[in-house]
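Data block below; observations after.
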Amino acid sequence: MNREYGKERRENIDMNENIIRTENLTKYYNKGKANEALAVNGVSVGIKRGDFAVLKGPSGSGKTTLLSLIGCMTRPTSGSITVEERDISHFPERFLTDIRRKTFGFIFQQFHLIQGMSVIENVMVPLYPTDIDVKTLRNKAEGILEGLGMSKRRDFPVQGLSGGEQQRTAIARALINDPEIVLADEPTAHLDTALSRDYMGVMKGLWEKGKTVIIASHDPIVFENEYITLTVEMRDGIVRSVVRK
């Protein structure tokens, strides 16, 4: 890795501090039923503040479930998850909702854009309802879209966008709450090689600005990227290797 990239943003971040830590994390689906499935099995891993991390593994390896556990979208069956020094494993849902909103930005494999709404309306959605007035919120959304090269499309209906434009809209939506941590699940699954490389360029830019980025992917364009600082390889719900650069 060229260590000059992102040097300034790393100088202002304590890269020895775990922003996320899991201990013996286990997740069963349909526990006790005939279709019981063990998705994550005793995972203990630390992700440092300012990491550009990838959860690597084939379909069914548990990486997406681990990502959803980290992002407070799924509750663990056992074990613990610490986010910014808070053990959130048994928090009530109302507190988890607040943590998701203030801490994480989510980019899903399926873009989940709301058809019939414009680009900027989709970007603004996560902060509704909010105490921010509409004008301020719109200005914030416009600034994010400008940074992603989407200003000219801001009032365009999302159903008319190209795949790459939809992806950038989804990224903008994930950034509207200025999250500390950006989570992405198989973000290049529906993109061609050129758009996938373009996407990783956007992620690198977020990382250089100080975001902690965590991507679950089986795409070599993602996990072989030279800027990745941490690779967690999973198989059958178990962490097989952890490589830090």
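Quick notes on this one:
- Candidates per trypsin sites (Lys or Arg not before Pro) in the range 28-78, loop by DSSP, up to 11 other Cβ within 10 Å: 31, 33
- What you get for the chain, charging only the Cβ of Lys and Arg (+1) and of Asp and Glu (-1), is a dipole of about 200 debye around the Cα centre.
- For the chain, the longest site-free run once GluC sites (Glu not before Pro) in DSSP loop states with at most 13 other Cβ atoms within 10 Å are removed: 86-223
- Derived value for the range 113-240: Kirkwood hydrodynamic radius 15.6 Å. Basis is the mean of 1/r over every pair of different alpha-carbon atoms.
- Dipole moment magnitude, nearest 20 debye, the range 117-245 about Cα centre, only Lys, Arg, Asp, Glu C-beta charged: 220 debye
- Residue 182 long-range amide H proximity, modeled H, under 5 Å: 105, 212, 213, 214
- Highest-MSF residue in the chain out of 125, 134, 182 [GNM, Cα springs under 10 Å]: 134
Readers should treat all values here as calculations from the given coordinates under stated rules, not as data from a laboratory. Just so it is clear, the structure is predicted and the values come from calculations on it, not from any experiment. Every residue, glycine as well, gets a Cβ built from its backbone with ideal geometry; the counts of neighbours run over all protein chains shown.
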